[in-house]
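Reading through the structure tokens given below for one structure.
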Amino acid sequence: MADAGGVKKRLRSQEWFNNPDNPGMTALYLERYLNFGLTREELQSGKPLIGIAQTGSDLSPCNRHHLELAKRVRAGIEAAGGVPFEFPCHPIQETGKRPTASLDRNLAYLSLVEVLYGYPLDGVVLTIGCDKTTPALLMAAATVDIPAIALSVGPMLNGWHKGQRTGSGTIVWDSRQRLSAGEIGYEEFMEIIASSAPSVGYCNTMGTATTMNSLAEALGMQLPGAAAIPAPYRERGQISYETGKRIVSMVHEDLRPSQIMTRDAFENAIVVNSAIGGSTNAPIHLNAIARHLGVPLDNDDWQTIGHHIPLLVNLQPAGEYLGEDYHHAGGVPAVISELIKANLLPHPDVITANGKTMRQNCAQVENADEKVIRPVSDPLKRDAGFINLKGNLFDTAIMKTSVISDEFRERYLSNPDDPDAFEGTAIVFDGPEDYHARIDDPAEAIDEHTILFMRGAGAIGYPGAAEVVNMQPPAYLIKKGIHALPCVGDGRQSGTSGSPSILNASPEAAAGGGLALVKKGDRVRIDLRKGTANILISDEELARRREELQKNGGYHYPKHQTPWQEIQRGMVDQLGSGMVLKPAVKYQRVAET
Ligand code: FES
Ligand code: MG
């Protein structure tokens, strides 16, 4: 690191390993790191010590390939004159963790903050991939603020079944409907699902993983092109090597997350999220990363900056293609190139991890397949971003209007006098178990005029917020050709689902939000143009219900199962505010302390 006068700044790691003022402590710190063969020359001569935050393990198969890729990262670090230190992160596997992987995002964040702060690391490579691993690691890098670069594990190869692309998650939602409708049996169902996961890597659809890995690149925290290279490709190993080399230079330049992830970078990322058809989980995670940096960002920004941006990337669930196609078309740099050409990227001159600007990295990149990455003049959809709804049901909830199907639009949004609004009658489910127990019961009398409400599924209620708001209609309605009912909830939805649900409602029922007050049979009005969502009852009736709720001790949710569930419930913020741990956000740039 050099200061303005060109004098080399002492590396952080030298406080541990080369502190002549305290030879006793220096020797104690040093001796155990020598015992596996490192030399004093490596630890005491001012070489950057680089952490490799390893998220791969047998428990986290989406990121498992990082165990291999880390070998290339190490080689790159060493080639550039650094010393690699690989260490494990708390595993977060989206599909395997009960009750939900998102419970662990903040736990992995906390533990990585401690590691980066408390050990002699000058910089870190963040191995990202599966949904929550990306935000958890970027949040920790934001808090500690030592030089950091992210490295995606890459998506799986495309899935295929009988000549059709089968995409992660998306094929589950589709096949479940076919199973319910009796079109396929259990064995064929299992075979189709397995076909969507043909190799190492993360989800090959534009779910939360491809979204968050793309946004890590759009924020400037990865090397250009690093998000989309499929996990098994040779380029994946090569970019791992380059990433290892680059982090050593970033330490010498003292290029830190707070310099890359600025408000301008987040605005770019919001625009890219619309253009790629990104997951509804993205606002939660980007708002969280921003909060840990002290950058203001909220759901109003997502609508203002992102809603009018067109959908360019033709990946499932919004489109047809999968991860390999995305990479072949040019990945994130080709998307950004299209946006720059159309003057839609708000801040092309922000600095990125390789030391160059976004414009320098992307403007000349050719879009190699316009079927997969559409030009702005011929988008898949217009207005592909989210809208931010408000009303007596919640202060904020987002909706991805671009995934509204023709069938849904025809049924709910085709009144010529009122084309952007619909009304319906509420049925309310308290958590996913309640939904499964009652959805097919004819006594509930659910029909096409029903709006399905899911509550008790937020950051406190579930806990960690479940991906359960995209509720399938009763089987008897699916058989009649009604494939989607309006869904509203205080939980999340999988990024691989194409439902136009109204989600991430904050405050949640468990925090006293309006969803705790809605009752079966209530008339509810949703107005997409005005951005409102209201129960059509008087303020007096609403106040009476609130009083009654308080008398009953508030909204009841299931008891804690583990210590962390209780700890997090006591200090977690709402989904609209990033679901961060409230006491954590005041800690910024902690490496300097
Ligand atoms: Fe891990 Fe989708 S389940 S990336
Ligand atoms: Mg998910």
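The values are calculated or read from the model by the stated rules, or taken from the named source; none is laboratory data. Everything numeric here is computed off the predicted structure, so don't read it as measured data. Don't worry about glycine lacking a Cβ; one is built from the backbone with ideal geometry, like all the others, and counts go over all protein chains shown.
Scanning region 463-479 for residues that are free of Cβ contacts under 8 Å to residues at least 60 places away in the same chain and more than 17 Å from the chain's Cα centre (by Cα) gives M471, P473, P474, Y476, L477. Please determine, by comparing only the residues of region 447-483 that are among the aliphatic types (A, V, I, L, M) and in contact with a Lys or Arg (Cβ under 9 Å, 6 or more places away or on another chain), which one is farthest from F422 (Cα to Cα). Per the stated criteria, the residue is I460. Candidates E410, E423, E433, E366: the one that is surrounded by fewer than 14 Cβ atoms within 10 Å (Cβ to Cβ) and within 30 Å of R545 (Cα to Cα) is E433.
Filtering I460, I446, I482 for residues that are in contact (Cβ under 8 Å) with a residue 40 or more places away in the chain and either surrounded by 19 or more Cβ atoms within 10 Å (Cβ to Cβ) or within 16 Å of ligand 2 (Cβ to nearest atom) (or both) leaves a single hit, I460. Across region 373-395, what is the number of residues that are surrounded by 24 or more Cβ atoms within 10 Å (Cβ to Cβ) and either under 18 Å from the mean Cα position of the chain (by Cα) or acidic (D, E) (or both)? Matching residues across region 373-395 total 3. The set of residues in region 181-204 that are closer than 26 Å to R236 by Cα, in contact with a helix residue (DSSP H, G or I) (Cβ under 9 Å, 6 or more places away or on another chain) and away from ligand 2 (no atom under 16 Å from the Cβ) comprises S195, V200. For region 167-175, the count of residues that are at pLDDT below 95, more than 21 Å from the chain's Cα centre (by Cα) and not aromatic (F, W, Y) is nonzero. Within this structure, E187 passes the test of being assigned to a helix (DSSP H, G or I) and either surrounded by fewer than 17 Cβ atoms within 10 Å (Cβ to Cβ) or in contact with a strand residue (DSSP E or B) (Cβ under 8 Å, 6 or more places away or on another chain) (or both).
Does region 25-66 hold any residues that are assigned to a loop (DSSP other than H, G, I, E, B), surrounded by 18 or more Cβ atoms within 10 Å (Cβ to Cβ) and either more than 16 Å from ligand 1 (Cβ to nearest atom) or outside the structural domain of A150 (by the TED database) (or both), and which are they? Once the filter is applied, which keeps residues that are assigned to a loop (DSSP other than H, G, I, E, B), surrounded by 18 or more Cβ atoms within 10 Å (Cβ to Cβ) and either more than 16 Å from ligand 1 (Cβ to nearest atom) or outside the structural domain of A150 (by the TED database) (or both), region 25-66 yields K47, P48.
Name every residue in region 72-111 that is more than 16 Å from ligand 1 (Cβ to nearest atom), of a type outside the set (S, T, Y) and under 23 Å from P283 (Cα atoms), in order of residue number. Outline the logic, then answer.
The initial filter retains those residues of region 72-111 that are more than 16 Å from ligand 1 (Cβ to nearest atom), namely 72-88, 106-107, 109-111.
With of a type outside the set (S, T, Y) added as a condition, the list becomes 72-88, 106-107, 110.
Matches in region 72-111: N106, L107, L110.
All conditions but one from (1) buried (at least 21 other Cβ atoms within 10 Å of the Cβ); (2) not in a strand (DSSP E or B) apply to D418; the one that does not is (1).
With respect to the stated conditions, D131 fails to be modelled with pLDDT of 95 or more, more than 12 Å from ligand 1 (Cβ to nearest atom) and among the charged types (D, E, K, R). Can you find a residue in region 421-429 that is more than 23 Å from P283 (Cβ to Cβ), aromatic (F, W, Y), more than 16 Å from ligand 2 (Cβ to nearest atom) and not in a strand (DSSP E or B)? No, region 421-429 contains no residue that is more than 23 Å from P283 (Cβ to Cβ), aromatic (F, W, Y), more than 16 Å from ligand 2 (Cβ to nearest atom) and not in a strand (DSSP E or B). Among the residues of region 486-506, at least one is more than 16 Å from ligand 1 (Cβ to nearest atom), more than 15 Å from V468 (Cα to Cα) and crowded, with 18+ Cβ neighbours inside 10 Å. Scan region 201-255 for residues that are away from ligand 1 (no atom under 15 Å from the Cβ), of a type in the set (A, V, I, L, M, F, W, C), in a helix (DSSP H, G or I) and within 19 Å of the chain's Cα centre (by Cα) and the total you get is 1.
For every residue, the table says whether it meets (1) touching a strand residue (DSSP E or B) at 6+ places or on another chain (Cβ under 7 Å); (2) closer than 20 Å to T208 by Cβ.
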| residue | (1), (2) |
| --- | --- |
| N314 | yes, yes |
| D325 | no, yes |
| E366 | no, no |
| A397 | yes, yes |
